[in-house]
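The next block holds one structure in the form of structure tokens; read it before the comments.
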Amino acid sequence: MSSCLIVDDSKVIRKVARRILEDFQLDIDEAGDGQEALDRCGTSMPDVIFLDWNMPVMGGMQFLKNLRAQDVEKQPTVIFCTTENDMSHIREAMEAGADEYIMKPFDRDIIEAKLNQVGVI
Ligand SMILES: [Mg+2]
């Protein structure tokens, strides 16, 4: 079973994402900001991370840079989740090491297609 960490400061978005991702037999964990996500990764590195951009304490970009700087056996697949008007953020995130991105609001079909694309399901 692949493990998935949902990182978003919105409890509603985490709940929606969790409900969808659980359908794909993924083991789900959640974090409300980048720092919390780093702590989670330190305990147990997930296989895939759904990452929000704007979050308090530590945003998605800072988290991504921290994560990619870590010397770990296997880096997780990072799917950056953003709103449509964030094209510059998308470019920045991909350059910082995100593997893929999805637009918010996402639905089951979009998530399924993306998980297929990155080879998680
Ligand atoms: Mg946010």
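Taken together, the values in this text are just the output of simple stated rules run on the coordinates, not laboratory data. Remember, predicted model here, so these are calculated numbers, not experimental data. Note: ideal-geometry Cβ built from the backbone for every residue, glycine included; neighbour counts use all protein chains shown.
Annotations for the structure displayed:
- Likely footprinting exposure, M1, M58, fewest C-beta neighbours within 10 Å first: M1, M58
- With q set to 0.12, 0.18 Å⁻¹, the log10 of I(q)/I(0) for segment 3-117, from the Debye formula over equal scatterers at the Cα positions, is -0.35, -0.85.
- E73-R18 FRET efficiency (beta carbon distance; Förster radius 30 Å; 0.05 resolution): 0.70
- Residue ranges 26-34, 67-75 sort as 26-34, 67-75 when ordered by packing (mean number of other C-beta atoms within 10 Å per residue, highest first).
- For segment 12-27, 3J(HN,Hα) computed residue by residue from phi via the Karplus equation (6.51, -1.76, 1.60; θ = phi - 60°) reads 5, 5, 4, 5, 5, 4, 4, 4, 5, 5, 5, 5, 9, 6, 9, 8 Hz, glycine and proline entered as x.
- Over the chain, dividing the summed -39,500 (n - 2.57) contributions of all DSSP H runs of at least 4 residues by the number of residues returns a 222 nm mean residue ellipticity of -12000 deg cm²/dmol.
- Potential extension, D39-Q117 segment - 0.36 nm per residue separation minus Cα distance: 25.3 nm
- Near M55, the amide H atoms lying under 5 Å from its own belong to G60; only residues 5 or more places off or on other chains count, and H is placed 1.01 Å from N.
- Nonlocal amide H pairs with I121, under 5 Å, H built at 1.01 Å: N116
- Förster radius 25 Å - calculated FRET efficiency between D27 and S88, Cβ distance, rounded to 0.05: 0.15
- Taken about its Cα centre, the chain carries a charge dipole of about 80 debye when Lys and Arg each add +1 at the Cβ and Asp and Glu each add -1 at the Cβ.
- Between E30 and I6, the built amide H atoms are under 5 Å apart, and every one of these is 5 or more places off in sequence or on another chain.
- Vicinal HN-Hα couplings computed from phi for segment 93-100 (Karplus, 6.51 cos²θ - 1.76 cosθ + 1.60; Hz; Gly/Pro x): 5, 5, 5, 7, x, 5, 8, 8
- Summed over all non-identical Cα pairs, the Kirkwood treatment of segment 26-84 gives a radius of 11.6 Å.
- The distance from the alpha carbon centre of segment 81-109 to that of segment 28-67 is 15 Å, rounded to a whole number.
- The chain: relative contact order as a whole-number percent, Cα under 8 Å and 6+ apart: 23 percent
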